[in-house]
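Asker: Structure incoming, see below.
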Amino acid sequence: FVSEFFAYYEDSEFSRWIIENGYKILYAPRSRLYHQHSATSSERSPLWNLLVNRSRNIYKYNGDYNELYNTNNHFEEYFKPDVPEVVYQELKSFSYNLKNRLQEDNDIVEKLKPIAIYNSYWNTKGGGESHALSFAKVLQKYETVYLISEEDFSIEELEKYYGIDLSNCRKLIETHMTSRFTKKFDIFINSTYQSNLVSKAKKSYYIVYFPQKNINEEVLKSYTFLYMNNYTKDWGFKYWGEEHQWDIVYPLGMLHTPDSEEIALNKKDKIILSVGRFFVGGHSKRQDVIAKAYKELCIENNFEMEGWKLVLIGSLDYSYTEHVKYVEKIKHILENTNYEIIVNSPRDVLNEYFRQAAIYIHASGFGTDAELEPEKIEHFGITPIEGMQHGCYPIVYDKGGPRETLEEVGIGSFFHTKEDLKNKILEQVQVDSDTDNQTSKKIIDSIENFITKNHPDNKVQELI
């Protein structure tokens with residue numbers, strides 16, 4: 001709000017703020033509000049005239065700060081003999097501060113000044129939103145963090161879903177995001193997938209989940225781009241060139257660190273696990289491919305697959321018919337096999353399956369031409385890392401972020417075709433339990449080293 005109001009027009013300003021931020025003003029005819037008229041100053045008195053005219057000018061500000069200052073200065077001097085000296089001095093101070101502020105950015109509404117993280121899709125609760133909230137989790141220790149979106153969302157639901165504390169975060173709904181709005185913040189972090197919003201904040205950062213082919217030159221100049229790994233960075237360089245500010249911040253800040261010693265002692269069950277949102281199109285997690293490979297193995301290698309179970313866990317938005325039908329398709333594929341599909345699972349249930357599972361599979365990007373449609377390949381892949389934290393043996397599609405991670409960690413298997421996937425699964429189900437336990441310990445140690453080396457918290461702190 002405009003802090004230089006002294007009295008009057010605050011209710012008008014508040015009403016305008018409500019409308020501009022996407023909220024509604026409702027009339028409640030049965031409510032009763034008692035207002036003492038002219039309690040601040042007597043109506044038509046010199047003080048009343050000064051305050052009302054001064055605040056009206058601020059409320060109607062048209063962009064000419066010299067005109068505003070000179071007009072209000074005229075009223076202040078005209079009524080000076082008839083108002084208390086302390087009020088006169090306070091108003092002069094307010095007007096002087098307002099002029100200086102408007103000379104700097106010419107925005108009548110004072111900057112909020114802390115940190116903003118903009119995301120159009122908080123409600124999807126996906127991996128991108130998790131990565132963005134890892135910034136909020138760290139930065140809220142130093143300043144209030146505003147979580148911004150065009151549509152309403154619940155911070156409480158985000159806290160519950162991701163299991164984090166966002167007590168120093170505030171929700172801000174801006175139905176029409178503009179560059180002018182970003183000027184309100186000292187630090188503006190754009191975490192909206194493939195956004196073309198130009199930032200005017202003092203410091204601006206853009207989280208790159210995957211770069212769009214064409215980007216506005218003004219957008220490219222207004223941010224430091226934070227890639228998630230070398231895979232996204234290499235495509236950014238290919239599409240945008242190398243002449244822009246950039247860094248790599250791995251999306252590891254929201255990982256829940258399990259007790260590695262307890263997990264190492266835990267005997268794995270005959271469970272093949274895959275975790276990911278159920279949806280079609282884009283970089284779908286391709287649970288259907290995993291289901292087909294598993295079904296064929298159960299038929300062709302019945303003896304080896306005896307006692308094994310496939311578990312698919314992921315969020316599902318029931319408002320999208322095509323996504324619901326996709327889950328039904330997977331169930332149909334898996335008929336007459338030992339399987340379980342868990343939708344919108346609580347975190348503790350997911351963690352329990354991570355602890356139990358011996359094999360973790362990630363198939364996002366399967367069947368996609370990685371050169372023609374690289375955006376459909378898994379950009380990073382956090383769930384294979386979570387699986388490895390719990391000692392699961394990872395089998396991932398051989399393109400994109402998961403391959404890069406496994407190559408750096410130095411453990412796990414890749415597949416390119418469905419037959420490859422079946423062979424990799426079969427190799428692991430035939431491993432004896434002693435070897436399996438030794439491998440789990442090695443996986444846990446390797447992924448812990450990877451996380452320690454690439455953990456983002458220190459880099460996020462450097463943003464402020």
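A short reminder: the numbers here are calculations on the coordinates, not readings from a lab. Just so it is clear, the structure is predicted and the values come from calculations on it, not from any experiment. Here the Cβ is made from the backbone with ideal geometry for all residues, glycine too, and neighbour counts use every protein chain on show.
Asker: In the range 278-311, what residues are assigned to a helix (DSSP H, G or I), surrounded by fewer than 18 Cβ atoms within 10 Å (Cβ to Cβ) and touching a strand residue (DSSP E or B) at 6+ places or on another chain (Cβ under 8 Å)?
Answerer: none
Asker: Another one. Any idea which of Leu273, Leu197 is buried (at least 17 other Cβ atoms within 10 Å of the Cβ), over 26 Å from Leu147 (Cα atoms) and not charged (D, E, K, R)?
Answerer: Being buried (at least 17 other Cβ atoms within 10 Å of the Cβ), over 26 Å from Leu147 (Cα atoms) and not charged (D, E, K, R) holds for just one of Leu273, Leu197, which is Leu273.
Asker: Continuing with the same structure: So in the range 334-370, with the set limited to residues that are of a type in the set (S, T, N, Q) and more than 17 Å from Tyr161 (Cα to Cα), which one is nearest to the chain's Cα centre (by Cα)?
Answerer: So the residue we want is Ser364.
Asker: Can you tell me how many residues within the range 301-311 are in contact (Cβ under 8 Å) with a residue 60 or more places away in the chain and not hydrophobic (A, V, I, L, M, F, W, C)?
Answerer: 2
Asker: Let me ask something additional. Give the residues of the range 428-445 that are buried (at least 17 other Cβ atoms within 10 Å of the Cβ) and small (Gly, Ala, Ser), sorted by residue number.
Answerer: Correct list: Ser440 only.
Asker: With charged (D, E, K, R), within 18 Å of Tyr8 (Cα to Cα), in a loop (DSSP other than H, G, I, E, B) and free of Cβ contacts under 8 Å to residues at least 40 places away in the same chain as the only criterion, which of Arg32, Arg44 stands out?
Answerer: Arg44
Asker: Go over the candidates Gln438, Gln428 one by one and state the one that is in a helix (DSSP H, G or I), of a type outside the set (Val, Ile, Thr) and touching a residue at least 60 places away in the same chain (Cβ under 8 Å).
Answerer: Testing whether each residue is in a helix (DSSP H, G or I), of a type outside the set (Val, Ile, Thr) and touching a residue at least 60 places away in the same chain (Cβ under 8 Å) leaves just Gln428.
Asker: Take the conditions small (Gly, Ala, Ser), surrounded by fewer than 20 Cβ atoms within 10 Å (Cβ to Cβ), out of contact with any strand residue (DSSP E or B) (no Cβ under 6 Å at 6 or more places or on another chain) and within 30 Å of Leu158 (Cβ to Cβ) and apply them to Ser315. Does it pass?
Answerer: Here the answer is yes, as Ser315 does meet what is asked.
Asker: Further, regarding this structure: Does any residue in the range 312-338 that is in a helix (DSSP H, G or I) come within less than 7 Å, Cβ to Cβ, of a residue that is charged (D, E, K, R) six or more places away or on a different chain, and which pairs are these?
Answerer: Between residues of the range 312-338 that are in a helix (DSSP H, G or I) and residues that are charged (D, E, K, R), the close pairs are His323/Asp317; Lys329/Asp288; Ile330/Asp288; Ile333/Asp288; Ile333/Lys292; Ile333/Lys295.
Asker: Something else about it: Need a quick list: helices (runs of 4 or more DSSP H) entirely within the range 163-277 having at least 2 residues that are among the small types (Gly, Ala, Ser) and touching a helix residue (DSSP H, G or I) at 6+ places or on another chain (Cβ under 9 Å).
Answerer: Result: 260-265.
Asker: Any idea which of Val86, Val52, Val2 is of a type in the set (Val, Ile, Thr) and not in a helix (DSSP H, G or I)?
Answerer: After applying the criteria, what remains is Val2.
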